[in-house]
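A short write-up of the structure that comes next.
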Amino acid sequence: QFCANDPEVFVQAALLAQDYCDAVDLNLGCPQMIAKRGHYGAFLQEEWDLLQRMILLAHEKLSVPVTCKIRVFPEIDKTVKYAQMLEKAGCQLLTVHGRTKEQKGPLSGTASWEHIKAVRKAVTIPVFANGNIQCLQDVERCIRDTGVQGVMSAEGNLHNPALFEGRSPAVWELAEEYLDIVRQHPCPLSCVRAHLFKLWHHTLQVHRQLREELAKAKTLEGVAAVSQELKLRCQEDMSRQKEGEKPPGGLPFFHWICQPYFRPGPREGSKENGGARSKRALEEEEAGTDVLSKNKQKKQLRNPHKTFDPSLKPKYAKCDQCGNPKGNRCVFNLCRGCCKKRAFREAADCPGHGLLFKTKLEKSLAWKGARQLS
C-alpha cells in the first residue's frame, strides 16, 4: 500500500514492488494530520483529476492490479460518483471505509454501511467494507447488509487478532504467540509495544502500574517480562472470580479475554457551546488551565525544561509550496523535500540543503569530455 500525490513517483515506487506482491493499493483513506501535512490519503478526495491520472498511469504501467481504499463523503451520491470515477480510471478493487475524513479519534462515531451498500450497487468491481467490525458476527452481518465481497478490520483485529476465527482467547495466548513471531522476525520495539498495548488494553485499565513499565521497557526481553507479569496478574484475578460474577464496566468479557475496545465519544460541551467540541478545542481549553494533561506531564518528566507556552515557541518561516518549515539558507525558500524536487528538475544547487545537482552534473560532463579526449 502506498500513499502518494504524484502519478510518476507513485508508479516508479509501485514498479519496484510489483514483483513481490499480488496488487498495489493507493491509500486514499488516511485522515491523520500527517496525511494533511504530506498532502495524501483522504485529503486528496476532492482532487479527482489528480486521482484519475494516478490510477490511469498505474493501471497502464503495472503488471499487477491497482486497488484503492477510500473514505466516504457525507453525501451518498457524491461518494458513489467518487467510486465510479476510480473504477473508470482503472481501480480493480475498492475498499470503502464508511466514515468521513473528519470522523477520527474521539469523533469517530459509527461508520455508515448505507454508503458502502450504495457503492457496491453502483460499481462492477469487487468492494470491501471497513468500519464497525468488532467480532465475526459483525463481519457476517456486514456482508449480508451491504452485499460486499470482503470485509476489512483495523482496530477490532488489533485488539483481538483471532477475530476472523470467531474466537476470543485469553490475551496472554496471543501476546505470547506475537512475541514468538517477533523473535523470529525482529522489528522496531515501538511496533512491539504498540501491538501489546492494543492486546492488553483492558487489563492495563485494571493494572495501571504495569502500563508505565510497558511504556518504559527498552528491550524485547523487558517488554516480554511485563507481558508475563500481566499474565500472572490475570491468572490471579481469574482465581478470585466468583461464580456468576459479571465483567465490570459493561465489558462483554473479563479484562483478560481478547475483546473489542469501543472508543469513547468526545466530552460533552456546555449547553452554551452547543454540544461536543473538537479535539483541538479541548486541547486549547486544557492549555489554558494550570494543570497539564497526562501526555504533557510525561513529556515534562522526560525534559524538565520543556515549556508548553505557545508564545515561547519559535516561529518558523513556511515553505512557499507545501507550508512546512523552510530551510533558513535555502536558495529557493523551500523545505528540503520541495527543494530537492526543484533542484533536481532544474539541475541546480542549493548549498543550504547540501543539494549539488548542478555541480555533480558539471563534474560528470567534464569527466566524460576528458575520457573522450584521451
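The values are calculated or read from the model by the stated rules, or taken from the named source; none is laboratory data. In this text, all values refer to a predicted model and were calculated from it rather than measured experimentally. Cβ atoms come from the backbone with ideal geometry, glycine included; neighbour counts cover every protein chain shown. To get the accessible areas, we keep the full protein, side chains included, count just its heavy atoms, and leave off ligands, DNA and RNA. Shrake-Rupley method; radii C 1.70, N 1.55, O 1.52, S 1.80 Å.
Overview of results
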{"item": "For the chain: accessible area per residue (Å², 1.4 Å)", "result": "61"}
{"item": "Cα centroid of the range 341-374 to Cα centroid of the range 202-231, whole Å", "result": "53"}
{"item": "Kirkwood Rh and Cα Rg combined as Rg/Rh, the range 171-239", "result": "0.94"}
{"item": "All lysines inside 21 Å of Lys198 as judged from Cα atoms, apart from same-chain residues fewer than 8 positions distant", "result": "Lys104, Lys216, Lys218, Lys231, Lys294, Lys298"}
{"item": "FRET E, pair Ser239, Asn303, Förster distance 45 Å, beta-carbon r, rounded to 0.05", "result": "0.60"}
{"item": "Long-range amide H partners of Asp349 with built H, under 5 Å", "result": "Lys358"}
{"item": "Accessible surface of the range 171-239, 1.4 Å probe, proportion on carbon and sulfur as whole %", "result": "54"}
{"item": "Relative contact order (%) - criterion: Cα under 8 Å, at least six apart; region: the chain", "result": "9"}
{"item": "Selection from Val80, Thr67, Leu334, by position along the positive dipole direction of the chain (Cβ)", "result": "Leu334"}
{"item": "Packing rank of 135-145, 149-159, where each peptide gets the mean count of other beta carbons within 10 Å, highest leading", "result": "149-159, 135-145"}
{"item": "Candidates Trp113, Trp200, Trp48: whichever shows maximal mean-square fluctuation once the chain is modelled as a Gaussian network with Cα springs under 10 Å", "result": "Trp48"}
{"item": "Net lengthening on full extension, Glu8/Ala366 (0.36 nm per residue, minus Cα-Cα)", "result": "125.8 nm"}
{"item": "Rounded, prolate or oblate (a/c below 1.5 giving rounded, otherwise prolate when a/b exceeds b/c) for the range 316-373 by Cα gyration tensor", "result": "prolate"}
{"item": "Simple Cβ-charge dipole of the chain, Lys/Arg +1 and Asp/Glu -1, about Cα centre, in debye nearest 20", "result": "1480"}
{"item": "Candidates Phe197, Phe43, Phe357, ranked by Gaussian network fluctuation over the chain, Cα under 10 Å, top entry", "result": "Phe357"}
{"item": "Cα-centre dipole for the range 7-153 with unit charges at Cβ (Lys and Arg positive, Asp and Glu negative), debye to 20", "result": "300"}
{"item": "Gaussian network model of the chain, springs between alpha carbon atoms under 10 Å - residue of Gln228, Gln92, Gln103 with greatest fluctuation", "result": "Gln228"}
{"item": "Using θ = phi - 60° and Karplus 6.51 cos²θ - 1.76 cosθ + 1.60, couplings along the range 254-262 (whole Hz; Gly, Pro as x)", "result": "5, 4, 7, 9, 4, 7, x, 10, 9"}
{"item": "Ratio Rg/Rh [Cα only; Rh per Kirkwood] for the range 112-209", "result": "1.08"}
{"item": "Spherically averaged projected area in nm², based on the convex hull that wraps the Cα atoms of the range 298-344", "result": "4.7"}
{"item": "Relative contact order (percent, whole number), the range 7-153, Cα cutoff 8 Å, 6+ residue spacing", "result": "20"}
{"item": "Along each principal axis, Cα extent of the range 7-153, largest first, Å", "result": "39, 31, 28"}
{"item": "Computed [θ] at 222 nm, deg cm²/dmol, the chain (DSSP H ≥ 4; -39,500 (n - 2.57); rounded to nearest 500)", "result": "-14000 deg cm²/dmol"}
{"item": "Heavy-atom accessible surface of the range 7-153: percent carbon and sulfur, 1.4 Å", "result": "54"}
